[in-house]
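Read the structure below first, then the notes.
The values are calculated or read from the model by the stated rules, or taken from the named source; none is laboratory data. The model shown is predicted, which means the values in this text are computed figures rather than measured ones. Neighbour counts are summed over all protein chains in view; Cβ atoms, including those assigned to glycine, are modelled from backbone coordinates with ideal geometry. Protein only, heavy atoms only, side chains kept; ligands, DNA and RNA dropped before computing areas. Shrake-Rupley method; radii C 1.70, N 1.55, O 1.52, S 1.80 Å.
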Amino acid sequence: MFGYRQSVEEIIVKGIAGDTLDYILKSPDLSLSSTELGLDLSIRTEDGNKAPSGHFVLLYGDTIIANAETDNDGKVSLWPSSEEGPNLASSKELAYSQYTLQWREPAVGNYKVMLQWINLKNEKAFNPIPVHFIFFDGLESQFGY
C-alpha cells in the first residue's frame, strides 16, 4: 500500500501535544471530487515503533468527510462515508475548498507519518507524502524546545 515511486522531501510539522493540529492538504487530482478520494495514513514513532493510538478527522472545507482512529498497526483510512457522499457531491460552494487533516489530542513525541491519497473509483494509490510531526508539551513549547 505504501510503495515509493519517487523521492519526496520530508515535511516537518510542529504542534503542541493535547491540542488539535490542523494540516492543510491539496488534492492530488482536481478532477476527482471529495467523494472520490480517500486518505490512508501509516504512523510510527521516530525510531520506527508503533505510535500511540491517534484520532484523525478529514475535512473538506468545513465539512467532516471522514473520522477514524488508528488500528493496532498504526494505520488509519479516512474515506468519505456513504451517507455524506450525496451531500458533498451536490454542494457547489465546496468546489474550490481545501482538505484539512486534523490530528486530535496527539501525545508528546516525534512521529513519522506516511500520507497517501487513494482514488476510490479505481483504488489507485497516488505517491505517498512523508510528514514528520513533532508534538511538544505546552511547557516545552513556551521555552522554544
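I need the peptides 19-25, 55-61, 37-43 ranked by packing, meaning the mean over residues of other C-beta atoms within 10 angstrom, with the highest value on top.
Ranked by mean Cβ neighbours within 10 Å, highest first: 37-43, 55-61, 19-25.
Can you compute the FRET efficiency between HIS132 and ASN67 using 1/(1 + (r/R0)^6), with r the Cβ-Cβ distance and R0 = 30 Å? Round to the nearest 0.05.
Once the sixth-power term is evaluated, E becomes 0.80.
Structure shown: which of LYS26/LYS50; LYS50/LYS121; LYS26/LYS121 lie over 20 Å apart, alpha-carbon to alpha-carbon?
LYS26/LYS50; LYS50/LYS121
Ordering LYS26, LYS124 by how much accessible area each has at a 1.4 Å probe, largest first, what is the list?
LYS26, LYS124
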